[in-house]
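Accompanying notes for the structure given below.
The values are calculated or read from the model by the stated rules, or taken from the named source; none is laboratory data. Since the model is a prediction, treat every value here as computed from it, not as a measurement. Here the Cβ is made from the backbone with ideal geometry for all residues, glycine too, and neighbour counts use every protein chain on show. Just the protein is used for accessible areas: all its heavy atoms, side chains included, with ligands, DNA and RNA removed. Shrake-Rupley method; radii C 1.70, N 1.55, O 1.52, S 1.80 Å.
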Amino acid sequence: MGDPAVYDPLEILTNKGTRQPTFLSPIWNPMAGALAGFGAALFTNWGFRKPILSGIQKHILFTIIGGGVGYYLDNKRNEYLAKRDAVLRHYVELHPEDFPKTNRKKYADVLESWVPVR
Amino acid sequence: MTAVFRVGLVRLVGRGSTAPAPATLLQAQTNGLPATFMQKCNISGRTMRGGPRCPKVPPYPYKTKKYNVFSAIFDKTTKRFDENTKVICVEGPIAAGKTKFAMELAAELDMQYYPAVDMDLIYINPYGYDMRKLDPELPPSCRSYDIKNFCADPKHPSAAAFQIRMYMLRFSQYVDALQHILSTGQGVVTERSPFSDFVFMEAMFRQGYISRGARSVYNDVRQNTIGELLKPHLVIYLDVPVDVVQKQIKARNLEHEVKSKVFSNAYLTDLEVIYKQQYLKDIAGHAELLIYDWSAGGETEVVVEDIERINFEQYESDPHNKKMIDWRFPLETEWCEARIKYCNEKSDLMNYFNVPRFDVPELLRSAEDGKVWRDVWYNAPGMKYRPGYNADVGDTGLLTKLKIGINEPF
């Protein structure tokens, strides 16, 4: 934790372990995948003119496959984001002169006072 | 002395000594074989053979097992064929005695008999429910129209759709017959065929039962589909003159036929003329043709003897000869491809009936009528889902059921 009034690029890219994941964020993608798998099984049955829930083992299989695909994609995405942050971090570490610490500005410092002229 | 040796050498190393059956007399002579060595394999009846047919290879269970590209690697097609692997179509006017004859013929030749099609194939659903009971709930353009309706009211607007459906059913049944012959090697005997269906359409058109536009649509549909089939090997025409046909109809005494005005002299004459001058003339270019005067009935044995004398192999040596050309596949893979087409891709063949013609009003139904029809038709007993999946007519075990039949209507 640095001075909040100073922007440190390295610190922004560091996982400080303070962010709690929400309840939905880790399960959202597997759940969406499972739901899509189940929906695909229903659609298949409709397309073949069967009652939509007949052949329930197929629905279970499709749901598991869909959930697995969602879980896999979720992990893939997390890995991608972690790698991207690591690459940026490494770059910042190699070129500290390009990323100086800057003072934090407020809008009050940036914006000029508004003087209406009519 | 040299001559003796030469003849002996020719006999030993000539082509005829390895090939079991020289195809032609000419070939037999060039190979130095006496003509008596020539083998002929013609169709043989049960009596001549002295017993039932013994298949070389057990038939493929094509009704329960798919036959696709992968099956074709392991299960070849021509190994099941023998001299009786032929398609025979029995043709003739109404009430000529085709059914009895075709059944006897099939029994004698050990072939599979395919009965004449009728609209029951459409109107009786897989659970035995008669869809014609729905008529009161349907708009007039969507009501059932079968042969009885045609006999009673041939000028009804549905007559054209009726004839197109008859063609469709004949086509479908002929595909089934081809499935059978290619999968089992057993010959088939069909009663009428999709090839002769246009005879009825043409006669109906000449009598004013269907319009010129409907005839044009029929011809478009026919042109789009008929080339997919393999033409028969043999067509047997039972010739009965018009007056005898009318007598036979009276003797058969089917209520709708006897009371009907359809079977007039003019209609039956048209049928006969078109049958003989167009159909028989045309099909004789491909198939062998036997014509019998059947006005007083006839003996099936006599016909079988005539069939046994036909040499179906005589056109094999000339690949350009149009006779039997549909049945000449040079490679085994081509036989297998044809078998895949009929056994596994029947729905694709039936899709060729979707000819987009929207210019004939009696073949169209309005969107409102179509909606009513759809709602009524697909809520009838056993129609909600595909066959085998209807709990309302007693199908059970649906929760875990996955199996669907091969080529079943759906």
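Filter segment B:31-60 down to the residues that are modelled with pLDDT of 80 or more and among the small types (Gly, Ala, Ser) and list them by number. So that I can check it myself, show each step before the final result.
Step one: filter segment B:31-60 for residues modelled with pLDDT of 80 or more, giving B:42-60.
Answer for segment B:31-60, where residues must be modelled with pLDDT of 80 or more and among the small types (Gly, Ala, Ser): B:SER44, B:GLY45, B:GLY50, B:GLY51.
Just give me the residues in segment A:41-73 being on the phi > 0 side of the Ramachandran plot and open to solvent by less than 20 Å² (accessible area, probe 1.4 Å), in sequence order.
Within segment A:41-73, the first condition is being on the phi > 0 side of the Ramachandran plot, and the residues that meet it are A:49, A:55.
Within segment A:41-73, A:GLY55 is the sole residue that qualifies.
Restricting attention to segment B:383-397, and to residues there that are within 9 Å of chain A (Cβ to nearest Cβ), open to solvent by 60 Å² or more (accessible area, probe 1.4 Å) and not small (Gly, Ala, Ser), which single residue is nearest to B:ASP176 (Cα to Cα)?
B:TYR385
If you take the residues in segment B:373-382 that are in a loop (DSSP other than H, G, I, E, B) and more than 10 Å from chain A (Cβ to nearest Cβ), which one is surrounded by the fewest Cβ atoms within 10 Å (Cβ to Cβ)? First the steps, then the outcome.
Looking only at segment B:373-382, we keep the residues that are in a loop (DSSP other than H, G, I, E, B), and these are B:378-382.
So of that shortlist, the ones also more than 10 Å from chain A (Cβ to nearest Cβ) come out as B:379-382.
On the way: B:ASN379: 12, B:ALA380: 18, B:PRO381: 15, B:GLY382: 19.
Among residues in segment B:373-382 that are in a loop (DSSP other than H, G, I, E, B) and more than 10 Å from chain A (Cβ to nearest Cβ), the one surrounded by the fewest Cβ atoms within 10 Å (Cβ to Cβ) is B:ASN379.
Kindly indicate the residue of segment B:102-114 that is open to solvent by 50 Å² or more (accessible area, probe 1.4 Å) and part of a helix (DSSP H, G or I) and also nearest to B:SER183 (Cα to Cα) among those meeting that condition.
B:ALA107
If you go through segment A:50-99, how many residues are within 14 Å of chain B (Cβ to nearest Cβ) and not in a helix (DSSP H, G or I)? Outline the logic, then answer.
Keep residues of segment A:50-99 that are within 14 Å of chain B (Cβ to nearest Cβ), which gives A:50-62.
Still in the list and also not in a helix (DSSP H, G or I): A:50-55.
Result for segment A:50-99: 6.
Give segment B:136-163 a look and list any residue that's assigned to a helix (DSSP H, G or I) and either open to solvent by less than 30 Å² (accessible area, probe 1.4 Å) or of a type in the set (Lys, Arg) (or both), or say none. Spell out the reasoning first.
So in segment B:136-163, the residues assigned to a helix (DSSP H, G or I) come out as B:136-137, B:140-142, B:147-152, B:159-163.
Residues satisfying the conditions are B:CYS142, B:LYS148, B:PHE150, B:CYS151, B:ALA159, B:ALA160, B:PHE162, B:GLN163.
Identify, by number, the condition in (1) hydroxyl-bearing (Ser, Thr, Tyr); (2) within 14 Å of chain B (Cβ to nearest Cβ); (3) over 30 Å from B:LYS403 (Cβ atoms) that A:THR22 doesn't meet.
It is condition (2) that A:THR22 fails.
Being assigned to a loop (DSSP other than H, G, I, E, B) and hydrophobic (A, V, I, L, M, F, W, C) is the filter here, so list the residues in segment B:383-405 that pass it.
Initial filter on segment B:383-405 (assigned to a loop (DSSP other than H, G, I, E, B)): B:383-390, B:394-397, B:401-405.
Matches in segment B:383-405: B:MET383, B:LEU402, B:ILE404.
With the structure loaded, tell me whether B:THR99 is of a type outside the set (Asp, Glu), open to solvent by 10 Å² or more (accessible area, probe 1.4 Å) and within 29 Å of B:GLN277 (Cβ to Cβ) or whether it fails that test. Step through it out loud before you land on a result.
Details: of a type outside the set (Asp, Glu): yes; open to solvent by 10 Å² or more (accessible area, probe 1.4 Å): yes; within 29 Å of B:GLN277 (Cβ to Cβ): yes.
Yes; evaluated as a whole, the condition is true for this residue.
Among the residues that make up segment B:342-360, is at least one of them away from every other protein chain (no Cβ under 13 Å), more than 30 Å from B:ARG215 (Cα to Cα), of a type in the set (Phe, Trp, Tyr) and in contact (Cβ under 8 Å) with a residue 40 or more places away in the chain?
So in segment B:342-360, the residues away from every other protein chain (no Cβ under 13 Å) come out as B:342-346, B:348-360.
Filter once more, keeping what is more than 30 Å from B:ARG215 (Cα to Cα): B:343-344.
Among the residues that remain, those that are also of a type in the set (Phe, Trp, Tyr) are: none.
No, that holds for no residue.
For segment B:183-294, please list each of the helices (runs of 4 or more DSSP H) lying entirely inside it that holds at least 2 residues being open to solvent by 10 Å² or more (accessible area, probe 1.4 Å) and more than 24 Å from B:GLY97 (Cβ to Cβ). Spell out the reasoning first.
On the way: elements: B:197-206, B:212-225, B:242-252, B:255-258, B:265-274.
The qualifying helices (runs of 4 or more DSSP H) are B:197-206, B:212-225.
Answer with yes or no whether B:LYS86 is touching a residue at least 24 places away in the same chain (Cβ under 8 Å) and surrounded by fewer than 16 Cβ atoms within 10 Å (Cβ to Cβ).
Numbers: touching a residue at least 24 places away in the same chain (Cβ under 8 Å): yes; surrounded by fewer than 16 Cβ atoms within 10 Å (Cβ to Cβ): no.
Spelling it out, it is not the case that B:LYS86 is touching a residue at least 24 places away in the same chain (Cβ under 8 Å) and surrounded by fewer than 16 Cβ atoms within 10 Å (Cβ to Cβ).
Mind counting the residues in segment B:326-339 that are more than 18 Å from the chain's Cα centre (by Cα) and either outside any helix (DSSP H, G or I) or touching a residue at least 12 places away in the same chain (Cβ under 8 Å) (or both)?
Looking only at that region, the number is 9.
From (1) out of contact with any helix residue (DSSP H, G or I) (no Cβ under 7 Å at 6 or more places or on another chain); (2) open to solvent by 70 Å² or more (accessible area, probe 1.4 Å); (3) not basic (Lys, Arg), pick out the condition that doesn't hold for B:ASP359.
Condition (1) is where B:ASP359 drops out.
What is the one condition in (1) open to solvent by less than 50 Å² (accessible area, probe 1.4 Å); (2) of a type in the set (Val, Ile, Thr); (3) within 14 Å of chain A (Cβ to nearest Cβ) that B:THR400 does not satisfy?
The one condition B:THR400 does not meet is (1).
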